C-alpha cells in the first residue's frame, strides 16, 4: 500500500481541495516530519554528550561568578530518581533531532499552506524556510547567552545562606523552554511579513499601531518566558521590538518590489 503519494493532484496544485484531500495532505506532511525527526535522531544520539556539556555551561558560569550560591557539587547536576537520567537523555536527543530537522519541518508547514496561495506567493517558500530557521536559531542562541544573567537573578533572589542544587531533569527542561520561547518569539517578523504579503496587514498599519505593539510584545514576553524574571522578559522584548521594526521595513521594500514587477 502506498502511504505517501509522490506527486500532487491538479486540485492540490491549484489550491482546490476537499476536506478529505486536505486531511490526506496533512497526514502526508506529518509522516514526512516524523521520518525527518527519526533520521535526525540518529545523529542527535551521538551529539548528546557535547550538547549536554553545552547546556551545563551557563550554570557553570553562574557558579564561577557566584561560588557562595553553589553547593559542594559545584556545577554538577543531580538526579533524584532511577529513570531520570534515561528520560532526560531521551528528551535532549529529541530536542536535538527536532532542531536538526527544523528546515524540513518548516518546509512541510509551508508546503501544506501553499495550495491555498497564489503563484506569486508560492515563490516565497525558500526564503520563508531559510529565514525562519535562521531566526529561530538566533533566538535560541540569544537565550543561551542570556541564561547566566537570568540564573544569577533567579538563584540569587533568595539571598545569602541559600545554595543551589539543581536537578538534571528540571534544569534541562528550563533551558529548553527558554530556548523554545526565544526561538518562537524571533519568528515574529516572518509572520508579519507573510501577513503583509497576503494583504492582511500593511506596513503603514503596523507603523501606526506601534504603541500597541510595544505593549503586546512586553506582555507576550512576560507570559511566555518560563522564569518570568524582568531580565529575561526584557532580553526577549527588546529584540522582538527591533524585529517588529525590521518587518515594517521589509514589508515596504516587498510592496515596492511588487509594484515595479
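How much length, in nm to one decimal, is gained on full extension between residue 130 and residue 211, taken as 0.36 nm per residue of separation minus their Cα-Cα distance?
Details: separation 81, 0.36 × 81 = 29.16 nm, distance 2.98 nm.
Going from the current span to full extension adds 26.2 nm.
Using R₀ = 45 Å, calculate the FRET efficiency as 1/(1 + (r/R₀)^6) where r is the Cβ-Cβ separation of residue 204 and residue 91; round to 0.05.
Values: r = 45 Å, r/R0 = 0.99.
So the FRET efficiency works out to roughly 0.50.
So, R0 is 51 Å and r is the distance between the beta-carbons of residue 109 and residue 80; what FRET efficiency does that work out to, to 0.05?
Numbers: r = 38 Å, r/R0 = 0.74.
After rounding to 0.05, the efficiency reads 0.85.
Hey, can you rank 123-131, 58-66 by average C-beta count inside 10 Å, highest first?
Peptide ranking by packing, descending: 58-66, 123-131.
What order do you get for 35, 110 when you list them from fewest to most C-beta neighbours inside 10 Å? Intermediate values should be presented prior to the final figure.
Numbers: 35 13, 110 19.
By the 10 Å Cβ count, ascending: 35, 110.
Using the basic label-point model (7 angstrom from Cα toward the beta carbon), what is the residue 173 to residue 231 distance in nanometres?
Distance between the two pseudo-spin positions: 2.3 nm.
The numbers here are math on the coordinates, done by the rules we state, and not lab data. Keep in mind it's a predicted model, so treat the numbers as computed, not measured. Here Cβ is always computed from backbone atoms with ideal geometry, including for glycine, and neighbour counts include all displayed protein chains.
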